[in-house]
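So the structure is just underneath, and the comments pick up after that.
The values are calculated or read from the model by the stated rules, or taken from the named source; none is laboratory data. What you see is a predicted model; the values in this text were computed from it and never measured. Quick reminder, even Gly has a Cβ in these numbers, built from the backbone with ideal geometry, and neighbours come from all protein chains shown. All accessible areas refer to the heavy atoms of the entire protein, side chains included, with ligands and DNA or RNA removed. Shrake-Rupley method; radii C 1.70, N 1.55, O 1.52, S 1.80 Å.
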Amino acid sequence: MKKQNRYLPMIRAALFLVFAYVLPFLTGQIPYIGSMLCPMHIPVLLCGFVCGWPWGLVVGFIAPLLRSLTLGVPLLFPQAVCMALELATYGAVAGLAYRLLPRKRGYLYCALLIAMLAGRLIWGAAMFVCLGAKGASFGFAAFLSGAFTGAIPGIVIQIVLIPLLIERIMRRE
């Protein structure tokens, strides 16, 4: 049996963080397309599945804040703050659900959908609180538009791509 390097999850998590930082450059020239494709979500979800929930949580929380502080995109408040909570939830819930559910394809989709739904709910709650603190409103229609309707291409890409990548990664180990 191969001995696992104890630093391997940390190294992988760092690579997923780099991937989350760099991937939005592919869509960054057209912000509307970038927000539809949700490019930071993919590395964070992968990190949760591959490295476990603690690393998924950390990478998800740091990635949007790091991009905001170094590049100014997304805006720190409320976008990056709410996105940090959303992505931290994605990474943590994906890792926890994957660990707790049986290792079969159907359950992989289940874990992914649970993580995606939980992250979007946390994002909506965070936007409601943050915009309320600014004196603005964030209604149910804005939540549906931001979390689901406007992100349909990204949701489809995640549902198709993440299970394929996870199965391939786990097969190699």
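Taken over segment 147-160, the criterion of being open to solvent by 40 Å² or more (accessible area, probe 1.4 Å), of a type outside the set (S, T, N, Q) and part of a helix (DSSP H, G or I) is satisfied by Ile152, Pro153, Val156, Ile157, Ile159, Val160.
How many of the residues in segment 26-68 are polar (S, T, N, Q) and free of Cβ contacts under 8 Å to residues at least 12 places away in the same chain? Let's see the steps before the verdict.
Start the filter on segment 26-68 by keeping residues that are polar (S, T, N, Q), which leaves 27, 29, 35, 68.
Narrowing the set further to residues that are free of Cβ contacts under 8 Å to residues at least 12 places away in the same chain leaves 29.
Count: 1.
Do we have Arg172 as closer than 14 Å to Gln79 by Cα and out of contact with any His (no Cβ under 6 Å at 6 or more places or on another chain) here? In short, no. Evaluation of Gly132 against the conditions (1) touching a residue at least 24 places away in the same chain (Cβ under 8 Å); (2) over 16 Å from the mean Cα position of the chain (by Cα) shows that the sole unmet condition is (1).
Residues that are of a type in the set (Val, Ile, Thr) and under 22 Å from Cys51 (Cα atoms) within segment 156-173 comprise Ile157, Ile159, Val160, Ile162, Ile166, Ile169, listed in sequence order.
Of Ala133, Ala118, which residue is farther than 16 Å from Ile42 by Cβ and surrounded by 15 or more Cβ atoms within 10 Å (Cβ to Cβ)?
Values: Ala133 fails: surrounded by 15 or more Cβ atoms within 10 Å (Cβ to Cβ).
Residue meeting the stated conditions: Ala118.
Of the residues making up segment 119-135, just one is part of a helix (DSSP H, G or I) and basic (Lys, Arg), namely Arg120.
Can you name the residue in segment 1-57 that is of a type in the set (Ser, Thr, Tyr) and in contact with a helix residue (DSSP H, G or I) (Cβ under 7 Å, 6 or more places away or on another chain) and, of all such residues, is most open to solvent (accessible area, probe 1.4 Å)? Across segment 1-57, the extreme among qualifying residues is Ser35.
In segment 135-155, the residues that are under 14 Å from Gly124 (Cα atoms) form Cβ pairs under 7 Å with partners that are surrounded by 15 or more Cβ atoms within 10 Å (Cβ to Cβ) and small (Gly, Ala, Ser), at six or more places apart or across chains, as follows: Phe143/Gly124; Ala147/Gly124; Gly150/Ser35.
For segment 58-73, filtering for residues that are open to solvent by 70 Å² or more (accessible area, probe 1.4 Å) and closer than 19 Å to Pro163 by Cα leaves 0. When segment 136-146 is limited to residues that are open to solvent by less than 50 Å² (accessible area, probe 1.4 Å) and part of a helix (DSSP H, G or I), the one that is nearest to Cys47 (Cα to Cα) turns out to be Gly146.
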